[in-house]
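J.: Here it is, the structure, as structure tokens.
The values are calculated or read from the model by the stated rules, or taken from the named source; none is laboratory data. As the structure is a prediction and not an experimental result, all values here were calculated from the model. Counting neighbours? That spans all protein chains shown, and the Cβs are built from the backbone with ideal geometry, glycine included. These accessible areas exclude ligands, DNA and RNA; they are computed on the full protein's heavy atoms, side chains included. Shrake-Rupley method; radii C 1.70, N 1.55, O 1.52, S 1.80 Å.
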Amino acid sequence: MNYTTIVFLFFLLATGVLYFSAPKKIQWGVLLAASMFFYILSCGVKTAFLLAAATVIYTGALIIQTIEDKFAIRKKELEKNQRKELRKKAERKKKIIAAASIILMILMIFSTKYFNFFGSIINQAMSASGIGHPIPVLKILMPLGISYYTLMGISYITDVYRKTITAERNPLMLLLFLCYFPHIIEGPFDRYAPLSNQFRQSHRPDYDRIKNGGIRLVWGLFKKFVIADRAGLIVNTVFSHEDMYSGSVFIIAILLYTLQIYTEFSGCMDMVCGTSQMFGITISENFKRPFFSRSINEFWRRWHITLGEWLKDYVFYPVSLSGHFKKINEKIRKHINSKYLLALIPSAYALFFVWFCNGLWHGASIKYIFYGLYYYILMMMGQAAKPLSDKCLAKLHVSRNSHGYHIFEVIRTCIIVCFGMMIFRSGSLSQACSVFTGIFANFNISQIFSGALMVKGIHIWDYFILAISFMLLLTISYLQEKGMNIRETLSKQIIPIRWTIYIILLFSIIIFGAYGGNFANTTFIYGEF
Amino acid sequence: MNINTKNIRNIIRAVIFMSLFVLIFIFLSKVFTVSGNSSEDGMESRISNAYRGEDRNSLDVIFIGNSDMYRGISPVDMYHVTGITSAVSGRPNNSLQEISNDIDDILKYQKPKLLVLETDCMFSGKNPHFRNSKTKHTSLFKKIKDSVDNGDSAIISAINYYFPLIKYHDRWKKLSLSAFIHHSRNFYKFHNKGMAYSDKIKPYISQQDYMCSSKTKTARISSDNKKIFKDIYDKCKNNNIQLILMTVPSANTWNISKSQATQKLADQYGLRYYDYNLTYPQDFDWKLHTKDGGNHLNYAGAVTVTNDFGRKLKEEINLPESDITKKQKDKWKKDYEAFHKKISDRK
């Protein structure tokens, strides 16, 4: 079952009726039943992975909590020194349990998502040393959402270990947190505390909330069907026949792919946030108009926000606070006096792991690791060159706060992101390289005007629709950036205006949607990660 | 305003909005629906509407059914031998309900004397997407999963059946303002009048007789299809059209039980029924006359059925030569020649 199907709408309707007519105390039970139904239908026997993950983190967190609770009781009877000793022991035990649970979760994702990738690397290394190919290539179908629920599981158990939250006693509530149907396919990476609190609350049907959720869902469908899937047809054709196209066509294809992936991913987030809003559950936002960012750092604070936050909390901080890191830091301080380098080197060390994991999370391929490191290198270069750029700007009398410089930064960020998307979209790192060199070696702008972009199934009117939709998207994003709440503004309009807009939006999807006929049935790109 | 009044107001608003949406959907469905029969109109199965391309009221016989029909009858060859004008209206997996609707469309363009209904459709289900799911599921889970997996296609197919906006949505690129006002168009003409040509040969070589009664399950015409059949019968009666039932040879889809059930229905309504599986046409040979191992006929097979049925029209039904103008006769002659030239060019 996919979020973009009519069957899903019926599923939503049935769940809504059951949910709102259920007694307050078991409303979350309805969500769990619906989520499990959704998951089992999509995943079949591979649901066992989800249940195993839930069992591991439930048991692990409960043991950690028991150790903590026992310590809390016993510490009152002990002297300070004994208490310290006991705390140390308890912490060690907790650490072992948390580490074991996290390793199990990593093994689970490794065995399904990364086994063949690392196996092929080992095989290549062994083959070079004449040993052969000891690791077999397995036909593994990744269970739906495993990249999401394993990471959410890790965040849960780490939070229990850090005492940010207490362990959940009800295993079914934890299962709901992991498999909640709006966030199981493409995220966002929700945190346990805010979500479980909302699950436990009673939610009555509220017209405005359901209406607003519905509008957001429809807007997400518009982004997916009208923009993303239409752009996708052009992008897929160009990238699958790279020999036929010149650099100028590739630039258009890269721009379209950036538009495609943004509208598809943010569109899916609109759908899931809107769906969840109808049930009275607010899930985390994953996008905040990323293409208005002035730097790469800001871009990643606005794009796939929950992944960035997850990596910050569960990779960056653990690395920065680790004993190993502290030792390295001390060594650097002994040998280097420059304040500039003292700030740069430690952050370069910790951020390397963040961006490596970011790349690896996206997929089991060198290409994705390179994608993560591409941003890492650019960020480091930006940080390293900051003193120099400050000097240059001062000499040129350019203020960083000026309007013109702001626009320059936004465009620069967009260009960097587009090149990142070229790596992301390419079938392999070598294709990315050949596309990149092709842009400069064979630009040939005349190919654009010779009809090369009129790929099968695409008419000039499709470009017109893309242009209009893009302008609409840009205008809405700009207004939101200026602080306008679009749905609130809409709801203040008189009914004829409001309804006309809703009707136009709905029929735009039906009529201008890129589905059926020449358009292939598409899934969500991030759903495959 | 108390909560109840507010709730009622909101419900009324939602109902009005939904009604408005449905009305616009219906209106746009009419605007977007293909009114011509060319590929430019976006029609999926354009050949099935060949009768639209013929001069109005110039066809005396309409053959209607599924792929068995458009593979089993050649109207230009029948005209060449008998002088009787006809066309085939057939779509793959056509259901009886779809046929009933097609008859309504046919009557807008033609006034046939005879309607020949291919009988395989009598045993079809309602929705082709569920109908095509041949897997028999034993577990409830698999049944639900199958329904969910096919659900979208089935729902969209059902909506498209009545209001095909989703089906023809991509026609917005070709839509002119006139489409919102009137639907008249120039129709494409098919030389072969709805027949799908194939010269492939894949013999049916089974040693067993597919019409042997001991080896077949009892076939039953569903009550829904019986009702639809009555509608078709009434439509024909009200329009002075003689309804005839016919089964083209089809070793993979037909059996004696279906034949008997159809015969019973034909007897009930006093209709002629020709089952070419019980009595093959003259010179018919399963080794030469099927394109896919017994499911459909190839062109050579279609000619044997056409010749035999043409003879029946003349001798048993006493249908005279079609009363058409000299110009129309010339056109039919040209179409016959063009069709056969195409065939010889292929060879």
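J.: State whether one or more residues within the range A:355-375 are in contact with a Ser or Thr (Cβ under 7 Å, 6 or more places away or on another chain) and modelled with pLDDT of 90 or more.
T.: The answer is yes, given that some residue of the range A:355-375 is in contact with a Ser or Thr (Cβ under 7 Å, 6 or more places away or on another chain) and modelled with pLDDT of 90 or more.
J.: Pick out the one residue from A:PRO205, A:PRO171 that is modelled with pLDDT under 95, over 21 Å from the mean Cα position of the chain (by Cα) and open to solvent by 10 Å² or more (accessible area, probe 1.4 Å).
T.: Residue meeting the stated conditions: A:PRO205.
J.: Additional query: Within the range A:70-81, can you find the residues that are open to solvent by 100 Å² or more (accessible area, probe 1.4 Å) and assigned to a helix (DSSP H, G or I)?
T.: A:LYS70, A:ILE73, A:ARG74, A:LYS76, A:GLU77, A:LYS80, A:ASN81
J.: Which of the residues that make up the range A:10-26 are surrounded by 15 or more Cβ atoms within 10 Å (Cβ to Cβ), in a helix (DSSP H, G or I) and of a type in the set (A, V, I, L, M)?
T.: The answer is A:LEU12, A:LEU18.
J.: Moving on. Only residues that are farther than 19 Å from B:PHE309 by Cα and open to solvent by less than 10 Å² (accessible area, probe 1.4 Å): list them for the range B:255-280, please.
T.: B:LEU265 - this is the single residue of the range B:255-280 that is farther than 19 Å from B:PHE309 by Cα and open to solvent by less than 10 Å² (accessible area, probe 1.4 Å).
J.: At least 1 residues that are at pLDDT 95 or above, open to solvent by 70 Å² or more (accessible area, probe 1.4 Å) and on the phi < 0 side of the Ramachandran plot in each: list the helices (runs of 4 or more DSSP H) lying fully within the range A:460-529 that qualify.
T.: Those helices (runs of 4 or more DSSP H) span A:460-481, A:495-512.
J.: For the range B:252-260, does any single residue satisfy the condition of being in contact with a Lys or Arg (Cβ under 9 Å, 6 or more places away or on another chain), farther than 27 Å from B:THR218 by Cβ and in contact (Cβ under 8 Å) with a residue 40 or more places away in the chain?
T.: Scanning the range B:252-260 turns up no residue that is in contact with a Lys or Arg (Cβ under 9 Å, 6 or more places away or on another chain), farther than 27 Å from B:THR218 by Cβ and in contact (Cβ under 8 Å) with a residue 40 or more places away in the chain.
J.: Same structure, new question: Would it be correct to say that A:LEU221 is aliphatic (A, V, I, L, M) and under 21 Å from A:LEU12 (Cβ atoms)? First the steps, then the outcome.
T.: Working: aliphatic (A, V, I, L, M): yes; under 21 Å from A:LEU12 (Cβ atoms): yes.
Judged against the criteria, A:LEU221 is a match.
J.: A further question follows. Which members of the range B:145-154 meet the condition of being within 7 Å of chain A (Cβ to nearest Cβ) and either in contact with a strand residue (DSSP E or B) (Cβ under 6 Å, 6 or more places away or on another chain) or open to solvent by 50 Å² or more (accessible area, probe 1.4 Å) (or both)?
T.: Across the range B:145-154, the qualifying residue is only B:LYS145.
J.: Which of the residues belonging to the range B:161-180 are more than 10 Å from chain A (Cβ to nearest Cβ) and either in a helix (DSSP H, G or I) or open to solvent by 30 Å² or more (accessible area, probe 1.4 Å) (or both)? Full working, then the answer.
T.: Start the filter on the range B:161-180 by keeping residues that are more than 10 Å from chain A (Cβ to nearest Cβ), which leaves B:161-164, B:176-180.
Matches in the range B:161-180: B:TYR161, B:TYR162, B:PHE163, B:SER176, B:LEU177, B:SER178, B:ALA179, B:PHE180.
J.: On the given criteria, is B:ARG220 more than 15 Å from B:ILE64 (Cβ to Cβ), surrounded by fewer than 18 Cβ atoms within 10 Å (Cβ to Cβ) and at pLDDT 95 or above?
T.: Details: more than 15 Å from B:ILE64 (Cβ to Cβ): yes; surrounded by fewer than 18 Cβ atoms within 10 Å (Cβ to Cβ): yes; at pLDDT 95 or above: no.
Answer is no for this residue.
J.: Listed residues A:LEU233, A:LEU311, A:LEU256; which is closer than 22 Å to A:ILE448 by Cβ and modelled with pLDDT of 95 or more?
T.: On inspection, the qualifying residue turns out to be A:LEU256.
J.: While we're on this one: Being assigned by TED's automatic domain parsing to the domain that holds A:TYR156, among the hydroxyl-bearing types (Ser, Thr, Tyr) and in contact with a Gly (Cβ under 6 Å, 6 or more places away or on another chain): is that true of A:SER101 here?
T.: Considered against the rule, which asks whether it is assigned by TED's automatic domain parsing to the domain that holds A:TYR156, among the hydroxyl-bearing types (Ser, Thr, Tyr) and in contact with a Gly (Cβ under 6 Å, 6 or more places away or on another chain), A:SER101 comes out as yes.
J.: What tally of residues in the range A:231-274 results from selecting those that are more than 18 Å from the chain's Cα centre (by Cα) and either of a type in the set (Ser, Thr, Tyr) or farther than 25 Å from A:SER426 by Cβ (or both)?
T.: Number satisfying all stated conditions: 5.
Matching residues to (1) open to solvent by less than 30 Å² (accessible area, probe 1.4 Å); (2) at pLDDT 90 or above:
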{"position": "A:TRP28", "(1), (2)": "no, yes"}
{"position": "A:ILE40", "(1), (2)": "no, yes"}
{"position": "A:ALA48", "(1), (2)": "no, yes"}
{"position": "A:ALA53", "(1), (2)": "yes, yes"}
{"position": "A:ARG83", "(1), (2)": "no, no"}
{"position": "A:LYS94", "(1), (2)": "yes, yes"}
{"position": "A:SER120", "(1), (2)": "no, no"}
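J.: Hey, can you tell me all the residues within the range A:276-307 that are in a helix (DSSP H, G or I), open to solvent by 10 Å² or more (accessible area, probe 1.4 Å) and in contact (Cβ under 8 Å) with a residue 40 or more places away in the chain?
T.: A:GLN277, A:MET278, A:PHE291, A:PHE292, A:ILE296, A:ASN297, A:GLU298, A:TRP300, A:ILE305
J.: Of all residues in the range A:172-191, which are touching a residue at least 40 places away in the same chain (Cβ under 8 Å) and either in contact with a strand residue (DSSP E or B) (Cβ under 8 Å, 6 or more places away or on another chain) or assigned to a helix (DSSP H, G or I) (or both)?
T.: Correct list: A:LEU172, A:MET173, A:LEU174, A:LEU175, A:LEU176, A:LEU178, A:CYS179, A:PHE181, A:PRO182, A:HIS183.
J.: Among A:LEU259, A:LEU344, which is outside the structural domain of A:ARG162 (by TED's automatic domain parsing), under 30 Å from A:GLU242 (Cβ atoms) and among the aliphatic types (A, V, I, L, M)? Steps first, please.
T.: Numbers: A:LEU344 fails: under 30 Å from A:GLU242 (Cβ atoms).
After ruling out the rest, the residue left standing is A:LEU259.
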